[in-house]
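First up is the structure itself, then whatever we jot down about it.
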Protein chains: 2
Amino acid sequence: MAQKNKLQFIILGLLNQQPLTGYDLTKAFEHEIGEFWQAQHSQVYPQLKRLEAQGYITHEITISGEKLEKKLYHIVPAGQAALTTWITAGTPELTATKDEFILKLYFVRTNRDPRLPEMLTEQLHLHQDKLEHLQQRLTTVFPTKATQSENFGHYLILQHALGRETDYVTWLKQTLTALPK
Amino acid sequence: MAQKNKLQFIILGLLNQQPLTGYDLTKAFEHEIGEFWQAQHSQVYPQLKRLEAQGYITHEITISGEKLEKKLYHIVPAGQAALTTWITAGTPELTATKDEFILKLYFVRTNRDPRLPEMLTEQLHLHQDKLEHLQQRLTTVFPTKATQSENFGHYLILQHALGRETDYVTWLKQTLTALPK
DNA sequence: TTAAAACATGTAATTAGTTATATGTTTTAA
DNA sequence: TTAAAACATATAACTAATTACATGTTTTAA
């Protein structure tokens with residue numbers, strides 16, 4: 001997929017909060033931001049070099065222990081400008097969700113297909129787990145009104161993800177019960 | 001993104017319904033199936049060659065008019081087996097939705113950010129349009145109970161898409177009204 | 001009759017993303 | 001004290017997907 005390099009903006013956005021190393025950024029993709037965007041370190045390190053070449057970030061080398069070199073990256077004003085431009089610009093394209101299960105369903109022709117109950121049940125479990133996970137996150141990451149306003153955007157998208165999964169689960173349940181016996 | 005070549009199965013699935021040319025398949029990605037999956041002809045033609053080399057499909061050449069050659073592709077039993085295997089196998093990975101707007105929101109820190117109203121309003125319009133479009137499709141593609149059972153999977157995923165967009169619109173509206181003045 | 005649109009098939013170049021390979025250091029827990 | 005886990009950075013190979021390039025035919029409507 002070639003999709004206009006959003007990774008660069010994620011990195012700028014994260015560096016806009018605090019200086020980080022490539023390793024730190026990679027960790028972020030395994031946790032926090034990894035909830036809705038993924039990237040491997042093999043994508044992160046080259047992107048950091050490109051951003052630095054473009055004059056959006058700089059790095060300083062720090063030594064950890066005896067000799068382990070860390071490159072701590074900072075955003076610079078030009079990078080902040082690029083980040084703001086990206087956020088401020090419109091987002092007129094709705095990205096189609098490429099959900100493999102949905103794709104498989106498309107090729108199931110009748111409601112008597114014997115594979116349907118098993119397929120739907122598997123997805124129900126997966127999405128119920130996901131829903132539980134998101135509910136857990138909401139209460140641990142945003143326990144108070146104050147924490148919600150501190151990180152408003154993140155709070156909003158977690159709410160949205162929760163709504164989406166709730167809807168997914170409802171749809172699967174409803175479809176399962178409507179199946180002919 | 002490297003995601004296990006789902007295109008091959010979409011092509012097998014479509015050829016399982018009727019023989020088609022590469023051009024027909026490309027058209028399908030602009031209409032029907034294009035609602036939730038995209039592919040360009042530059043992906044379709046090479047994939048057809050690979051599927052034929054694997055022994056999943058064959059083609060016959062027909063002449064249109066004086067000399068325009070069409071390659072009409074047919075699925076063969078091995079291809080039908082591969083298609084069934086794919087559908088029957090579990091689908092244990094939930095694909096994360098890479099929604100650019102959601103990504104931007106993540107970097108908006110406070111509910112007083114002056115960009116929020118405009119950003120949310122733009123998305124509201126886009127998703128309202130999408131919702132309307134899906135409602136239109138539901139009534140035109142599946143006007144009767146009979147048409148719904150004839151193409152059950154397609155009906156289901158259209159229902160699901162409708163629910164998803166309804167939820168998206170609700171979330172955006174609710175967020176907009178909850179914003180501080 | 002003719003020009004534009006649609007039909008029809010391909011390859012090349014580039015970008016995005018995953019998986020694999022490579023190398024070494026520091027910290028932690030058995 | 002030592003082995004495993006975590007820290008830290010980087011490149012290579014490969015797959016997927018978009019955009020651009022390339023060529024020609026048939027149909028439709030002005």
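The values are calculated or read from the model by the stated rules, or taken from the named source; none is laboratory data. In this text the structure is predicted, and so the values were computed from the model without any measurement. Glycine also receives a Cβ, built like all others from the backbone with ideal geometry; neighbour counts cover every protein chain displayed. Accessible surface areas use protein heavy atoms only, side chains included; no ligands, DNA or RNA. Shrake-Rupley method; radii C 1.70, N 1.55, O 1.52, S 1.80 Å.
Using only the Cα atoms of region A:34-106, build the gyration tensor, take square roots of its eigenvalues as a ≥ b ≥ c, and label the shape rounded, prolate or oblate: rounded if a/c is under 1.5, else prolate if a/b is larger than b/c, else oblate. Here region A:34-106 falls in the oblate category. Report the gain in length on full extension from A:HIS74 to A:ALA89: 0.36 nm times residue separation, minus Cα-Cα distance, nm rounded to one decimal. Taking A:HIS74 through A:ALA89 to full extension adds about 3.0 nm, to one decimal. Here's the list of lysines a cross-link from B:LYS4 could span, going by alpha-carbon distance under 17 Å and ignoring same-chain residues fewer than 8 apart: A:LYS98, A:LYS104.
Neighbours of A:PRO143, meaning other residues whose beta-carbon lies under 14 angstrom from its beta-carbon, give a summed charge of +1 when Lys and Arg score +1 and Asp and Glu score -1. Among the residues of A:114-127, the average count of other protein chain beta-carbon atoms within 10 Å of the residue beta-carbon is 2. For region B:1-110, the fraction of 1.4 Å probe accessible surface lying on carbon and sulfur atoms is 53 percent. Modelled label positions at B:LYS173 and A:THR170, each set 7 Å beyond Cα in the direction of Cβ, lie 1.3 nm from each other. Local charge for A:PHE152 was computed over the other residues whose Cβ lies under 9 Å away, with Lys and Arg +1 and Asp and Glu -1, and equals 0. Each Lys or Arg adds one and each Asp or Glu subtracts one; over the other residues with Cβ under 11 Å from the Cβ of A:PRO19, this totals 0. Projecting label points 7 angstrom from Cα along Cα→Cβ for B:GLN54 and B:GLN17 puts them 2.0 nm apart. Against chain B, whose longest principal axis is taken from its Cα atoms, helix B:152-178 shows a tilt of about 20°. Per residue, the solvent-accessible area of the protein assembly as shown (1.4 Å probe, heavy atoms of protein chains only, all protein chains present) comes to 53 Å².
Can you bin region B:92-170 into rounded, prolate or oblate? Criterion: square roots of the alpha carbon gyration tensor eigenvalues sorted a ≥ b ≥ c, rounded for a/c under 1.5, prolate for a/b above b/c, oblate for the rest. Oblate, since a/c reaches 1.5 and b/c is not below a/b.
Our coupling estimate for region A:26-37, obtained by passing each phi through the Karplus curve with A = 6.51, B = -1.76, C = 1.60 and θ = phi - 60°, is 4, 4, 4, 6, 8, 10, 2, 6, x, 4, 9, 7 Hz, Gly and Pro reported as x.
Partner shielding of A:158-166 amounts to 4, given as the average count of beta-carbon atoms from other chains within 10 Å of each residue beta-carbon.
Helices in chain A, meaning DSSP H runs of at least 4 residues, each add -39500 (n - 2.57). Divided by all residues, the mean residue ellipticity at 222 nm is -19500 deg cm²/dmol. Seen through its C-alpha gyration tensor, with square-root eigenvalues sorted a ≥ b ≥ c, region A:68-124 comes out oblate because a/c lies at 1.5 or above while a/b is not bigger than b/c.
Sorted from closest to farthest, the other copies place their B:GLN40 label points 2.5 nm away, with each point set 7 Å from Cα along Cα→Cβ. Region B:118-144 and region A:57-105 have their alpha-carbon centroids 31 Å apart. Based on the Cβ-Cβ distance of A:GLU66 and B:ASN111, what FRET efficiency does E = 1/(1 + (r/R0)^6) give at R0 = 45 Å, to the nearest 0.05? Taking R0 as 45 Å, the efficiency between A:GLU66 and B:ASN111 is 0.45.
The listed peptides A:133-139, A:44-50, ordered by packing as a protection proxy, come out as A:44-50, A:133-139 (highest mean of other Cβ atoms within 10 Å first).
Any idea what the relative contact order of chain A is, in percent, if you count C-alpha pairs under 8 Å spaced at least 6 apart? Computed value for chain A: 17 percent relative contact order. In nanometres and ascending order, the distances from the B:LYS27 label point to those of the other copies are 5.5 (point 7 Å from Cα along Cα→Cβ).
Working note: Debye formula, equal point scatterers on the alpha-carbon atoms of the protein assembly as shown, no solvent; log10 I(q)/I(0) at q = 0.07 Å⁻¹ is -0.39.
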